[in-house]
Amino acid sequence: MFDGSRRGGIGRRARLESEYRDKCEGSNPSGGTDGSHFRRLTVARKRADVQRLIDQRDQLLKEIEALRNKVAGIEMAITLLDGEDTAAPGSSRRSVKAVVLDLLKEVGTTGLSATNAVEMAHRRGITLHSGSVGSTLSRLKGMGTVVLQGNRYVLADYASKAETRPANVQPLWPNAQP
């Protein structure tokens, strides 16, 4: 007795495919039901999906560029409001020493290397050269204005604060340099 179950008959998927082939026979201009129609739809759908993703990526790149321009504008405004406009023609330029001392005050006990100073100044629109900064830091050290702690220079006032801590507080990494 045939009750439509899988035992003794064809599976549901095979039955549906067979019924579909029977209905579609002759509808394909090539006369076959080899599935090429479905492959073309799948390829076309993939191409459309890829194009949509490319369009989204391009839009995001435009938005990123717009945000970068906004950040640059804000940084320029900060520089102008801080009175550090060194790009204006005929204006007096701040000395490397003054800029380095300002940066040292800003970083506090963290300290500053010549490379960090150049990067921070660049973000403010000030051009410094690492050789000049290194030389200035070395002279400031010789004058006793800064102290070298590890590979960073710290203002002498901040260095004493960084070195003092309560007796019951131990450093997390005793061998690490600050």
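Table: residues versus (1) modelled with pLDDT of 85 or more; (2) assigned to a helix (DSSP H, G or I); (3) within 22 Å of the chain's Cα centre (by Cα).
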{"residue": "53", "(1), (2), (3)": "yes, yes, yes"}
{"residue": "59", "(1), (2), (3)": "yes, yes, yes"}
{"residue": "100", "(1), (2), (3)": "yes, yes, no"}
{"residue": "126", "(1), (2), (3)": "yes, no, no"}
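Within the span defined as the stretch 138-155, every residue fails to be part of a helix (DSSP H, G or I), at pLDDT below 90 and buried (at least 17 other Cβ atoms within 10 Å of the Cβ).
The values are calculated or read from the model by the stated rules, or taken from the named source; none is laboratory data. The structure displayed is predicted, hence computed values, not measured ones. Note that we place each Cβ from the backbone using ideal geometry, even for glycine, and neighbour counts take in every protein chain shown.
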